[in-house]
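First up is the structure itself, then whatever we jot down about it.
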Amino acid sequence: MKFGVITFPGSNCDHDAYWAAQQVSGQKAAFLWHESHDLENCDAIIVPGGFSYGDYLRTGAIAKFSPVMESVRKFAASGGLVLGICNGFQILCESGLLPGALLRNVGLKFICKPVHLRVENADTPFTSACHKGEVLTIPIAHMEGNYFCDESTLAELQRERRIVFRYSNAEGEITAQANPNGSLDNIAGICNAGRNILGMMPHPERASAPELGCVEGLRIFESLATALATK
């Protein structure tokens, strides 16, 4: 199996994601250039964090027009697994692959710290190594992580169990105090109706080895590897 990690101008977490996929998960990985349509026969695509195209206009607004994202849309439509992390989540929303938008954090400050996430749905290719209700500690690093959607979309996400992660306290309680950025319903990650696209603001690649102080982000990569092995 092979992971593809997209590199845009301004990406700064692509090497982190590549390292987590290849060195930690023990899988093959390749960098995919934003100007190329070629996904190089990858089995899963990671849209990494950073500041694609300098976040001009709006986070992810220019990246959605890149040639590689045209291929990612076709890949996802055929059931391919796509993981968007931080700026990658923003790009997936801008591209129409996930609903909603990521707004500026409440308080208008960049936030970089470990947070607690409660796993709301372990029945996805990205969370099968977790169990429902489990609390993971994974860092965030963003200015625009405040997830928002309209009421009907939120109801749909809730009804279809497409909210995959929510910000919580260490005990797993969903509280306003545990919400670092003002996200609607404490949402930290969602998936599409087909369960093959996940967008999340926290950075699992930064919590995937003992040297990083935390290994709980590795669950995401382990889940993906298992899903690909049984696909």
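A few comments on the model shown:
- Checked against the criterion of being out of contact with any Phe, Trp or Tyr (no Cβ under 9 Å at 6 or more places or on another chain) and either in contact (Cβ under 8 Å) with a residue 60 or more places away in the chain or among the aliphatic types (A, V, I, L, M) (or both), the candidates Leu184, Leu157 yield just one match: Leu157.
- Gln158 meets the stated requirement of being surrounded by fewer than 17 Cβ atoms within 10 Å (Cβ to Cβ), over 27 Å from Tyr18 (Cβ atoms), touching an Asp or Glu at 6+ places or on another chain (Cβ under 9 Å) and of a type in the set (S, T, N, Q).
- Scanning region 15-31 for residues that are within 15 Å of Val82 (Cα to Cα) and buried (at least 24 other Cβ atoms within 10 Å of the Cβ) yields a count of 2.
- Matching residues in region 87-114 - criterion: being surrounded by fewer than 20 Cβ atoms within 10 Å (Cβ to Cβ) and among the aliphatic types (A, V, I, L, M): Ala101, Leu103, Val106, Leu108, Ile111
- Tallying residues that are assigned to a loop (DSSP other than H, G, I, E, B), closer than 17 Å to Tyr167 by Cα and of a type in the set (A, V, I, L, M) within region 101-118 yields 1.
One line per residue, one yes/no per condition, for (1) within 22 Å of Lys2 (Cβ to Cβ); (2) charged (D, E, K, R); (3) in contact with a Lys or Arg (Cβ under 8 Å, 6 or more places away or on another chain); (4) modelled with pLDDT of 95 or more:
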{"residue": "Phe148", "(1), (2), (3), (4)": "no, no, no, yes"}
{"residue": "Arg159", "(1), (2), (3), (4)": "no, yes, no, yes"}
{"residue": "Pro180", "(1), (2), (3), (4)": "no, no, yes, yes"}
{"residue": "Ala193", "(1), (2), (3), (4)": "no, no, yes, yes"}
{"residue": "Asn196", "(1), (2), (3), (4)": "yes, no, no, yes"}
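- Checked against (1) outside any helix (DSSP H, G or I); (2) out of contact with any Asp or Glu (no Cβ under 6 Å at 6 or more places or on another chain); (3) not polar (S, T, N, Q), Arg219 passes all but a single condition, namely (1).
- Pro139 being modelled with pLDDT of 95 or more, touching a helix residue (DSSP H, G or I) at 6+ places or on another chain (Cβ under 9 Å) and either part of a strand (DSSP E or B) or not small (Gly, Ala, Ser) (or both): yes
- Within region 76-86, considering residues that are over 8 Å from the mean Cα position of the chain (by Cα) and surrounded by 19 or more Cβ atoms within 10 Å (Cβ to Cβ), the one nearest to Ile187 (Cα to Cα): Val82
- Subset tally (residues that are closer than 24 Å to Trp33 by Cβ and either in contact with a His (Cβ under 7 Å, 6 or more places away or on another chain) or assigned to a loop (DSSP other than H, G, I, E, B) (or both)) for region 80-100: 7
The values are calculated or read from the model by the stated rules, or taken from the named source; none is laboratory data. Just so you know, these numbers come straight off a predicted model, no measurement behind them. Backbone-built Cβ (ideal geometry, glycine too); neighbour counts: all protein chains shown.
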